[in-house]
Amino acid sequence: GTRIMRCQYIPVRSDDGTIASFVGSILDVSDLRRAQQTLHDRESHFRAAFELSAVGQAMVSAKGIYLLVNDRYCQMTGYSREELLGRHPDHITHPDDVGADLDRRKAMLRGDAATATTEKRYIRKSGEVIWARVHATLFRSHDGEPLGAFSMIEDITDAKVASERRELLFAREHAARVSAEAANRTKDEFLA
């Protein structure tokens, strides 16, 4: 196959300053170039999958700072990439969920679990509260040090609202049934 060579020449000057000869080196960089191309291809595939995902995705450092966010996550939260990168997720997490979120993050960094799935609330830039299912996976350095977490975030607000409505309807139906049964007992006792 084709080989790629890196050539370097250094002029050797004579006493009067003119170039008398050259010293050269030739290094075969074919394997290095192939490895760089493979790495570039993998990064391109990762970026495409990350950006084109139908769910929100975010990468957070071990210190809890956004390193990467995709367009879907920005749409979900109402914040731009620039507004999120370098900031902490707590600034858009519902105050009631911040403590549990921090506990999960610490547990992952301690090595208690490599993954965590939870449901939590975010506060969009508009002030609206949304529900999300977050699946986080810890990523580590070559020597095993925790570097942070990669998360997939799915907006489940509609499902949560529908579930809460069903629970409310069930509670109302149950209350109505209890009331009707009590009224029937009272009527039966009266007739008796």
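The values are calculated or read from the model by the stated rules, or taken from the named source; none is laboratory data. As the structure is a computational prediction, the values presented were derived from the model and not from experiment. Cβ sites come from the backbone with ideal geometry, for glycine too, and all protein chains shown count toward neighbours. Protein only, heavy atoms only, side chains kept; ligands, DNA and RNA dropped before computing areas. Shrake-Rupley method; radii C 1.70, N 1.55, O 1.52, S 1.80 Å.
Of the residues making up the stretch 136-157, those that are open to solvent by 50 Å² or more (accessible area, probe 1.4 Å), over 19 Å from R110 (Cβ atoms), touching a strand residue (DSSP E or B) at 6+ places or on another chain (Cβ under 9 Å) and not aliphatic (A, V, I, L, M) are E154, D155.
Considering each residue of the stretch 94-112 in turn, at least one proves to be touching a residue at least 40 places away in the same chain (Cβ under 8 Å), assigned to a helix (DSSP H, G or I) and open to solvent by 50 Å² or more (accessible area, probe 1.4 Å). Taken over the stretch 74-93, the residue count meeting the criterion of being open to solvent by 40 Å² or more (accessible area, probe 1.4 Å) and of a type in the set (A, V, I, L, M, F, W, C) is 1.
Filtered by the rule that a residue be farther than 16 Å from T137 by Cβ, of a type outside the set (K, R) and part of a helix (DSSP H, G or I), the stretch 79-93 gives E82, E83, L84, D90, H91. Residues that are touching an Asp or Glu at 6+ places or on another chain (Cβ under 9 Å) and assigned to a strand (DSSP E or B) were ranked within the stretch 4-29; the one that is surrounded by the fewest Cβ atoms within 10 Å (Cβ to Cβ) is M5. Every condition in (1) under 30 Å from D155 (Cβ atoms); (2) at pLDDT 85 or above holds for E43 except the one numbered (2).
Look through E167, E128, E189, E173 and report the one residue that is at pLDDT 75 or above, over 17 Å from D101 (Cα atoms) and open to solvent by 100 Å² or more (accessible area, probe 1.4 Å).
Criteria check complete, one pass: E189.
Tell me yes or no: at least one residue of the stretch 39-54 is more than 17 Å from G148 (Cβ to Cβ) and open to solvent by less than 20 Å² (accessible area, probe 1.4 Å). Within the stretch 39-54, none of the residues are more than 17 Å from G148 (Cβ to Cβ) and open to solvent by less than 20 Å² (accessible area, probe 1.4 Å). For the stretch 4-36, the tally of residues that are over 44 Å from the mean Cα position of the chain (by Cα) and of a type in the set (D, E) stands at 2.
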